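Just so you know, all these numbers are worked out from the coordinates, no wet-lab data involved. Since the structure is predicted, the reported quantities are computational estimates derived from the model, not experimental observations. Glycine gets a Cβ as well: all are built from the backbone with ideal geometry, and neighbour counts include every protein chain shown.
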């Protein structure tokens, strides 16, 4: 369990890649996993649409361009665990370290590399975003985030159980 949560992000990414390379065909053939992953993908695309409607790209890039950057600090990468990284790999994301400059290592030129993000990344909205968006759009955003996080949690639990049953995971 320590390898899933308590190591460096580089080590967690290594574990996720090893699990993916060893288990992807079996996980892809698992109807429950495939179904939950497909539903998570739909919810992620829905949330991306909501974020696009709110012009998150422009809102976040304003802060990110300032000295000291924005919300995506290097600390945020550590919010990802092995299972979350594995979910991204299963969804076809080429998860890799993009930078080592004080920003989140998954933050690229077009935003976050990850489709499925940690709860903090999805739940945190600065005052600038909240004030610019207004209450009704923020409520819509919160609902989309909630649906996606609920699906991600269910998928994480399913993958953890799968790993336990295979003897890949103890604890």
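Observations, loosely collected:
- Value of relative contact order over segment 2-164, rounded to a whole percent, pairs C-alpha under 8 Å and six or more apart: 31
- The calculated FRET efficiency for residue 48 paired with residue 7, based on their beta-carbon distance and R0 = 22 Å, is about 0.15.
- With the simple spin-label model, which puts each label point 7 Å out from Cα in the Cβ direction, the residue 73 to residue 126 separation comes to 1.2 nm.
- For segment 127-145 and segment 17-31, distance of Cα centres in Å: 36
- Taking Cα atoms only, the orientation of helix 135-166 departs from the longest principal axis of the chain by about 10 degrees.
- Mean residue ellipticity, 222 nm, helices only, the chain: the sum of -39500 (n - 2.57) across DSSP H runs of n ≥ 4, divided by residue count and rounded to 500, is -21000 deg cm²/dmol.
- All C-alpha to C-alpha distances of segment 2-164, sorted into 10 Å bins beginning at zero, yield P(r) values of 10, 38, 35, 15, 2 percent in whole numbers.
- When 48, 21 are sorted by how many other C-beta atoms sit within 10 angstrom of their C-beta, beginning with the fewest, the order is 21, 48.
- Taking 132, 168, 8 and counting other C-beta atoms within 10 Å, the order from fewest to most: 8, 168, 132
- Cα shape, segment 89-171, gyration tensor, a/c 1.5 rule: oblate
- Residues 50, 97, 83, 129, arranged from fewest to most other Cβ atoms within 10 angstrom of their Cβ, appear as 97, 50, 129, 83.
- For the chain, the longest principal axis of the C-alpha atoms and the axis of helix 31-53 are separated by about 10°.
- Paramagnetic reach from residue 112 (point 7 Å along Cα→Cβ, amide N under 12 Å) across segment 136-158: 145-146, 148-149
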